[in-house]
1. Answer with yes or no whether residue A:161 is over 30 Å from residue A:232 (Cβ atoms) and either under 17 Å from the mean Cα position of the chain (by Cα) or facing chain B (nearest Cβ under 10 Å) (or both).
2. Does residue A:58 satisfy the criteria of being in contact with a helix residue (DSSP H, G or I) (Cβ under 6 Å, 6 or more places away or on another chain), within 28 Å of residue A:171 (Cβ to Cβ) and either part of a strand (DSSP E or B) or modelled with pLDDT of 95 or more (or both)?
3. Are any residues in segment A:144-158 assigned to a strand (DSSP E or B) and under 10 Å from the mean Cα position of the chain (by Cα), and if so, which ones?
4. Does residue B:83 meet the test of being surrounded by 20 or more Cβ atoms within 10 Å (Cβ to Cβ), at pLDDT 90 or above and not in a helix (DSSP H, G or I)?
5. Scan segment B:90-100 and tell me whether some residue there is within 20 Å of the chain's Cα centre (by Cα) and either more than 14 Å from chain A (Cβ to nearest Cβ) or assigned to a helix (DSSP H, G or I) (or both).
6. For residue A:207, state whether it is in contact with a helix residue (DSSP H, G or I) (Cβ under 7 Å, 6 or more places away or on another chain) and modelled with pLDDT of 95 or more.
7. Exactly one condition in (1) touching a helix residue (DSSP H, G or I) at 6+ places or on another chain (Cβ under 8 Å); (2) buried (at least 24 other Cβ atoms within 10 Å of the Cβ); (3) within 14 Å of another protein chain (Cβ to nearest Cβ) is false for residue A:297; which is it?
8. Being in contact with a helix residue (DSSP H, G or I) (Cβ under 7 Å, 6 or more places away or on another chain), buried (at least 24 other Cβ atoms within 10 Å of the Cβ) and part of a helix (DSSP H, G or I) narrows it down to one of B:199, B:141, B:213, so name that one.
């Protein structure tokens, strides 16, 4: 479990201690130089080129770190550590990316390879874990020590912070919150099970539900919004249709929120955090998303009126959360 | 979070340090004097009389502690602490039973009342949490630091041990593993939601499923086993019917195991513990219960063949787990 090790003291005295955070995504490698106040002093981003061999991507990660440090005017000697948030199963103890579907990686010794190059302690965790840590340190959950982050994107990611530290279970293979069944024998999930939260509450799941509803409702505004091409339906489409008075849009949004709410209450009953943070593009829908979920949590979380229900809030840092969280590993 | 406080050193030198564990149930108050090797040196049990006023029950708890200490030949001065496992929502930080349906208690300052009497540090946690801690210290999960216990009884209880300590979330209101939805809009649960694991995987849920199957299958052996009276159907009935070759019994058991397996895989994906411990009378079914669940976990837990799947094992200590775990709070 990362975070349980003491953070090494910065090797440079009379100088601010910086940390380098790398948010390694399927699309971009985003590097930030993060100061002691969790501000990103400089940031640099380059395309991942995810289909390339591992070694090429690592070389580009090094270049991106170098460039970000140059922009910040910070030398490696002024940095305490380098942290990487990667998609997939990341073993934080060994620094290995055990498996990443997005990158096509299996058992890749990422921190060892970077550490040889930069001679700083390098640490690794899953990207959703890093985002959760970033939001707790400097974002929506600032001041909380216990928080659950759910990212609503292509999949549903989970990041859990307990007592200020990332919790990810043995071999860092836990906190897979998207892969919990809410509809037994329901939709097929990418993990091979049926009915996982991810299959319903991801943007992918929402788009699927919107397409189906549109097929059943030729009169729906959804058709106009996507120009008659279902492939142009996005996670925003049903919300926009509803805003324009479309009944089908309203039904899709209501159903989507009821799935997501079940998942949120499950995680409240399991972790009882101080807050639940929702991240991902869908969160731009703001109150239309958060208000019904908060009402559902208040009504249905275990302990009802006896114990105050946690707040469900929107992630505040966007992509920076992953960089800041990675830096703090 | 209990267990995060350092354990006080025993006040008596040159003497073994004992701890008192109280398993407060809806039926019995069971008290054990537990030695440094997690063995119960002496045990005493009296009926709870759960319908009586709080003060009467507390007086009987004191009497039971006194008797157990007398049987053990141990004085309070030779003890380090008193721990109580209680049903319901127990706030470990304040030592308050926030709510217990079984006991009809609300905001009861249990540890404060006992501490005044015995002048030893008194601690409190939920009974399932205590059972999990007991199994980790001295039972089925001995040697593990991370384990999840699921008790299959009238309800479905959850106890989570992370890094050797009970995890129960803010206000100790988490780890309510039974109250996570696996069948959206399914059976009504005691918590007010629909489709919780508890509604399917508890003994109560199994009995309900068995009754329904029997109604649909007048030819089933279940009718013979319950003497024609559905009220005599127990959690053992469908397993016994299956053993005698009954097809309806087999179907009920298979369906029950599929619900339970979904819950177990969910908790594996969330906590990724070293093992999952199943407790409660249904576990007497042994391999018929454990083998299909283990097969399901191996096949469906996140990370598949990349990360070793945790074992699903049977609780080993029975009711003693709650006493030993309470003593170790």
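1. Details: over 30 Å from residue A:232 (Cβ atoms): yes; either under 17 Å from the mean Cα position of the chain (by Cα) or facing chain B (nearest Cβ under 10 Å) (or both): yes.
Judged against the criteria, residue A:161 is a match.
2. Working: in contact with a helix residue (DSSP H, G or I) (Cβ under 6 Å, 6 or more places away or on another chain): yes; within 28 Å of residue A:171 (Cβ to Cβ): yes; either part of a strand (DSSP E or B) or modelled with pLDDT of 95 or more (or both): yes.
Against the criterion (in contact with a helix residue (DSSP H, G or I) (Cβ under 6 Å, 6 or more places away or on another chain), within 28 Å of residue A:171 (Cβ to Cβ) and either part of a strand (DSSP E or B) or modelled with pLDDT of 95 or more (or both)), residue A:58 qualifies.
3. Narrowing segment A:144-158 to residues assigned to a strand (DSSP E or B): A:147-152, A:156-158.
Passing the criteria: A:149, A:150, A:151, A:152, A:156, A:157, A:158.
4. Working: surrounded by 20 or more Cβ atoms within 10 Å (Cβ to Cβ): yes; at pLDDT 90 or above: yes; not in a helix (DSSP H, G or I): yes.
For residue B:83, the condition - surrounded by 20 or more Cβ atoms within 10 Å (Cβ to Cβ), at pLDDT 90 or above and not in a helix (DSSP H, G or I) - is met.
5. Yes: segment B:90-100 contains one or more residues that are within 20 Å of the chain's Cα centre (by Cα) and either more than 14 Å from chain A (Cβ to nearest Cβ) or assigned to a helix (DSSP H, G or I) (or both).
6. Numbers: in contact with a helix residue (DSSP H, G or I) (Cβ under 7 Å, 6 or more places away or on another chain): no; modelled with pLDDT of 95 or more: yes.
Judged against the criteria, residue A:207 is not a match.
7. For residue A:297, the failing item is (2).
8. B:199
The values are calculated or read from the model by the stated rules, or taken from the named source; none is laboratory data. A quick note: this is a predicted structure, and the numbers were derived from the prediction, not measured. Using ideal geometry, Cβ is built from the backbone for each residue, glycine included, and neighbour counts are taken over all protein chains shown.
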